[in-house]
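Enquirer: Sending over a structure as structure tokens; questions will come in a sec.
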Amino acid sequence: MEKINKTASALLRQKAEELLKKKSAATTSSLSEVESLRLIHELEVHQIELELQNKELGRAWADAEVVNDKYIRLYDFAPLGYFTLSGKGEIIELNLNGARMLGKDRQHLKSSLFGFFVSEETKPIFSLFLEKAFKSKAKESCEVIMDSAGSLLFHVLLTGVVSDNEEHCLVTAVDITERKQAEEAVKESEEKFRKVFSCSRDALILIDKETGNILDANDYAFRLYGYSRDEILNLKNTHLSFEPVKTALALKEFIERIEVRYHKKKDGTVFPVDISASRFMMNGREVVLASIRDITDRLKAEEEIKLKNDELLHINAEKDKFFSIIAHDLRGPFNGFLGLTQIMSEKSSNLSLNELQVISRSMNKSATNLFDLLNNLLEWARMQQHATNFEPKSLLLLPFATTILQPLLDSANKKGIELIIHIPENLQVFADENMLSSTIRNLSSNAVKFTPAGGKVNISAKATADGTIEISVKDSGIGMNAEILANMFTLSKSIGRKGTDGEPSTGLGLLLCKDFIEKNGGKIWAESEEGKGSTFYFTLSGPSGQKQEEALQNTIPDSKITNPVNNL
């Protein structure tokens with residue numbers, strides 16, 4: 001290409017120089033020096049213009065070559081056979097796949113008659129196809145059998161249209177051997193087909209594609225829909241569908257696979273089915289074989305899996321939030337604990353006995369807080385893994401609660417908080433001992449934690465009219481705002497805050513209480529107002545066999561309230 005461009009440029013330059021010499025000779029005597037210079041300038045500009053045009057022409061030729069190369073690649077490597085035939089059927093041009101179909105090299109096939117490769121029985125069909133294509137100037141199609149040298153017979157679908165100059169027919173050849181073999185197999189194996197049709201574990205229904213009439217069905221279809229053979233053969237396929245419009249459209253457009261469609265039985269029962277369809281010719285008409293499977297159980301299983309997955313995602317999200325909260329809340333006590341140990345290790349020789357005692361008490365407090373937090377963490381983890389034993393039994397509530405609250409008396413006394421138990425002496429509950437113990441301990445500990453010095457904490461219980469036992473823990477503490485109250489039993493937001501003496505709190509204890517109470521079949525809730533204290537309630541079942549009237553009478557008057565702070 002570059003060589004051609006240079007040759008053209010040289011020729012143009014040569015012609016321009018010859019013209020210039022002739023013109024210069026003729027006008028030398030008559031032209032002034034100024035006019036000569038102007039003429040030379042114009043010639044130089046013209047020369048530059050010619051050079052630019054030459055470059056543009058070169059680029060255009062290069063682009064044309066690229067386009068031509070793409071066309072050749074598309075033409076040659078297409079998965080179909082492409083042939084350009086004359087009116088007599090001579091092969092003028094063909095692509096590589098066309099040559100493979102005919103079993104010879106492409107160069108040797110040019111000028112050969114295409115009909116030479118068509119079987120004797122289908123040559124008339126090919127001749128008529130080519131004649132009609134040239135006469136009608138419209139797209140024509142036919143099916144022929146090819147008989148190429150060295151290969152087995154194969155079926156080909158030919159589609160042809162006359163070129164714009166009407167001199168050639170452009171033919172596309174598609175190998176349809178597999179399709180034809182399948183059609184022949186269906187025709188020739190009707191007995192085998194009938195056997196498979198009858199014994200299939202899916203409902204099989206043979207449908208006339210044009211009318212929608214049911215031509216046949218197998219035994220499983222009769223059982224599935226509840227019709228007898230005579231009844232179902234008098235129906236259309238839409239009669240079996242709960243969505244007849246969609247079913248009619250699917251048959252008309254022939255949709256091979258429908259993952260979910262709702263059908264109905266003879267008694268009106270609606271159920272989901274999965275449908276696969278195939279079509280073929282039978283006795284001169286196009287039919288559709290629909291394979292229908294009841295997928296009721298599968299959809300139920302998929303829905304259950306979806307629910308389980310959603311539940312798992314929710315649990316994982318809650319665990320992520322939980323670990324984030326724990327990581328934050330563990331850091332504080334550990335930092336304090338480490339700071340105190342650092343002071344003792346670096347300055348113990350300079351500390352007085354009183355200072356060492358203060359540090360020791362602070363370390364003990366930090367260790368106790370860490371132990372409580374880790375204990376709650378362990379219980380919560382065991383609960384989430386369903387590793388906590390659940391062994392409910394009847395418990396006498398008053399002595400049980402008094403024993404559980406005994407370790408809390410020390411922290412209550414230090415803050416001057418009056419701890420009051422108001423529980424009937426013979427009131428019993430039916431609950432798991434460990435879960436109830438953890439619930440009472442966590443709720444009462446929180447009440448002391450968020451109640452300032454000189455306050456009160458009341459633990460009460462009573463039998464209700466619906467047969468449950470309602471237990472409450474009421475304090476005169478700092479209370480809660482609406483945001484904390486709304487999020488206290490979830491991990492959606494951290495509600496950890498310090499107590500009135502700086503005691504740490506993670507909110508994990510409340511999550512444990514909720515899980516434990518719900519495990520025992522009860523409910524838990526709270527009422528609170530900022531600055532006016534809080535009351536936590538939870539319910540449990542009463543012991544089996546206890547009469548409701550007796551439980552309601554087993555309350556004690558206010559004058560007999562016991563104060564474990566003073567009495568224990």
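The values are calculated or read from the model by the stated rules, or taken from the named source; none is laboratory data. Predicted, not measured: the structure shown is a model, and the values here were computed from it. Every residue, glycine as well, gets a Cβ built from its backbone with ideal geometry; the counts of neighbours run over all protein chains shown. Note: areas computed on protein heavy atoms with side chains; ligands, DNA, RNA excluded. Shrake-Rupley method; radii C 1.70, N 1.55, O 1.52, S 1.80 Å.
Enquirer: Could you list all residues from region 464-475 that are modelled with pLDDT of 90 or more and open to solvent by 60 Å² or more (accessible area, probe 1.4 Å)? Before you say what the answer is, go through the steps one by one.
Expert: First, the residues of region 464-475 that are modelled with pLDDT of 90 or more: 464, 468-475.
Correct list: LYS474 only.
Enquirer: Residues that are out of contact with any helix residue (DSSP H, G or I) (no Cβ under 6 Å at 6 or more places or on another chain) and part of a strand (DSSP E or B): does region 296-313 have at least one?
Expert: Initial filter on region 296-313 (out of contact with any helix residue (DSSP H, G or I) (no Cβ under 6 Å at 6 or more places or on another chain)): 296-313.
From what is left, the residues that are part of a strand (DSSP E or B) are none.
No, because not a single residue in region 296-313 is out of contact with any helix residue (DSSP H, G or I) (no Cβ under 6 Å at 6 or more places or on another chain) and part of a strand (DSSP E or B).
Enquirer: Also: Out of region 329-348, which residues are open to solvent by less than 40 Å² (accessible area, probe 1.4 Å), in contact with a helix residue (DSSP H, G or I) (Cβ under 8 Å, 6 or more places away or on another chain) and modelled with pLDDT of 70 or more? Give the steps one after another, and end with the answer.
Expert: Here is the first cut: in region 329-348, the ones open to solvent by less than 40 Å² (accessible area, probe 1.4 Å) are 329-330, 333, 336, 339-340.
From what's left, in contact with a helix residue (DSSP H, G or I) (Cβ under 8 Å, 6 or more places away or on another chain): 329-330, 333, 336, 340.
Across region 329-348, the qualifying residue is only LEU340.
Enquirer: To continue, here is another question. Limited to region 151-171, what total is found for residues that are open to solvent by 50 Å² or more (accessible area, probe 1.4 Å), touching a residue at least 40 places away in the same chain (Cβ under 8 Å) and among the hydrophobic types (A, V, I, L, M, F, W, C)?
Expert: Result for region 151-171: 1.
Enquirer: Within region 465-473, identify whether any single residue is part of a loop (DSSP other than H, G, I, E, B) and under 24 Å from THR368 (Cα atoms), and answer yes or no.
Expert: Scanning region 465-473, I find no residue that is part of a loop (DSSP other than H, G, I, E, B) and under 24 Å from THR368 (Cα atoms), so the answer is no.
Enquirer: While we're looking at this one, here's another question. Looking only at region 402-419, which residues are open to solvent by less than 10 Å² (accessible area, probe 1.4 Å) and assigned to a strand (DSSP E or B)?
Expert: Step one: filter region 402-419 for residues open to solvent by less than 10 Å² (accessible area, probe 1.4 Å), giving 405, 412, 417, 419.
Answer for region 402-419, where residues must be open to solvent by less than 10 Å² (accessible area, probe 1.4 Å) and assigned to a strand (DSSP E or B): just LEU419.
Enquirer: Answer with yes or no whether ASN563 is touching a Leu at 6+ places or on another chain (Cβ under 8 Å) and either acidic (Asp, Glu) or modelled with pLDDT of 90 or more (or both).
Expert: Details: touching a Leu at 6+ places or on another chain (Cβ under 8 Å): yes; either acidic (Asp, Glu) or modelled with pLDDT of 90 or more (or both): no.
Against the criterion (touching a Leu at 6+ places or on another chain (Cβ under 8 Å) and either acidic (Asp, Glu) or modelled with pLDDT of 90 or more (or both)), ASN563 does not qualify.
Enquirer: Here is a further query. All but one of (1) open to solvent by less than 80 Å² (accessible area, probe 1.4 Å); (2) outside any helix (DSSP H, G or I); (3) at pLDDT below 85 hold for TYR75; which doesn't?
Expert: (2)
Enquirer: Scan region 420-443 for residues that are assigned to a helix (DSSP H, G or I) and either open to solvent by less than 70 Å² (accessible area, probe 1.4 Å) or within 12 Å of LEU398 (Cα to Cα) (or both) and report the count. Break it down into steps so the answer makes sense when it comes.
Expert: Here is the first cut: in region 420-443, the residues assigned to a helix (DSSP H, G or I) are 433-443.
Next, only the ones that are either open to solvent by less than 70 Å² (accessible area, probe 1.4 Å) or within 12 Å of LEU398 (Cα to Cα) (or both) stay: 435-440, 442-443.
Qualifying residue count for the region: 8.
Enquirer: Could you give me the residue pairs with C-beta distances under 7 Å whose first residue belongs to region 195-212 and is without any contact (Cβ under 8 Å) to a residue 60 or more places away in the chain, whose second residue is of a type in the set (Asp, Glu) and open to solvent by 60 Å² or more (accessible area, probe 1.4 Å) wherever it lies, and which are 6+ apart or on separate chains?
Expert: Short answer, once both residue conditions are applied: SER198/ASP219.
Enquirer: How about region 478-490: which of its residues are surrounded by 14 or more Cβ atoms within 10 Å (Cβ to Cβ) and under 23 Å from THR539 (Cβ atoms)? Let's see the steps before the verdict.
Expert: Step one: filter region 478-490 for residues surrounded by 14 or more Cβ atoms within 10 Å (Cβ to Cβ), giving 478-480, 484-485, 487-490.
Across region 478-490, the qualifying residues are GLY479, MET480, ILE484, LEU485, ASN487, MET488, PHE489, THR490.
Enquirer: Is there a residue in region 510-522 that is modelled with pLDDT under 90 and more than 21 Å from THR468 (Cβ to Cβ)?
Expert: Yes; the residues of region 510-522 include at least one that is modelled with pLDDT under 90 and more than 21 Å from THR468 (Cβ to Cβ).
Enquirer: Restricting to region 271-293, count the residues that are open to solvent by 60 Å² or more (accessible area, probe 1.4 Å) and touching a strand residue (DSSP E or B) at 6+ places or on another chain (Cβ under 7 Å). Outline the logic, then answer.
Expert: First, pick out the residues of region 271-293 that are open to solvent by 60 Å² or more (accessible area, probe 1.4 Å): 279, 281, 283-286, 293.
Then drop every residue that is not touching a strand residue (DSSP E or B) at 6+ places or on another chain (Cβ under 7 Å), which leaves 279, 285-286, 293.
Residues that pass the stated criteria total 4.
Enquirer: Another one. Suppose we filter GLY455, GLY496 for residues that are at pLDDT below 85, of a type in the set (Gly, Ala, Ser), open to solvent by less than 60 Å² (accessible area, probe 1.4 Å) and over 28 Å from LEU396 (Cβ atoms); which single one remains?
Expert: Working: GLY455 fails: at pLDDT below 85.
When all the criteria are applied, what remains is GLY496.
Enquirer: Another question, if that's okay. Going by the conditions given, is LEU233 surrounded by fewer than 18 Cβ atoms within 10 Å (Cβ to Cβ), more than 17 Å from ALA277 (Cβ to Cβ), modelled with pLDDT under 95 and touching a Leu at 6+ places or on another chain (Cβ under 8 Å)? Spell out how you get there, then give the answer.
Expert: Details: surrounded by fewer than 18 Cβ atoms within 10 Å (Cβ to Cβ): yes; more than 17 Å from ALA277 (Cβ to Cβ): yes; modelled with pLDDT under 95: yes; touching a Leu at 6+ places or on another chain (Cβ under 8 Å): yes.
Yes.
Enquirer: Can you spot a residue in region 87-105 that is under 30 Å from MET282 (Cα atoms), of a type in the set (Asp, Glu) and open to solvent by 20 Å² or more (accessible area, probe 1.4 Å)?
Expert: no
Enquirer: Right, here's the next one. Report, ordered by the first and then the second residue, all pairs with beta carbons closer than 8 Å, sequence separation of six or more or different chains, a first member in region 224-235 that is closer than 25 Å to THR296 by Cα, and a second member that is surrounded by fewer than 13 Cβ atoms within 10 Å (Cβ to Cβ).
Expert: The qualifying pairs are GLY226/ASP267.
Enquirer: A follow-up question, please. In the set ALA8, ALA64, ALA99, which member is in a helix (DSSP H, G or I), modelled with pLDDT under 65, touching a helix residue (DSSP H, G or I) at 6+ places or on another chain (Cβ under 9 Å) and aliphatic (A, V, I, L, M)? Before you say what the answer is, go through the steps one by one.
Expert: On the way: ALA64 fails: touching a helix residue (DSSP H, G or I) at 6+ places or on another chain (Cβ under 9 Å); ALA99 fails: modelled with pLDDT under 65.
Every option except ALA8 fails the conditions.
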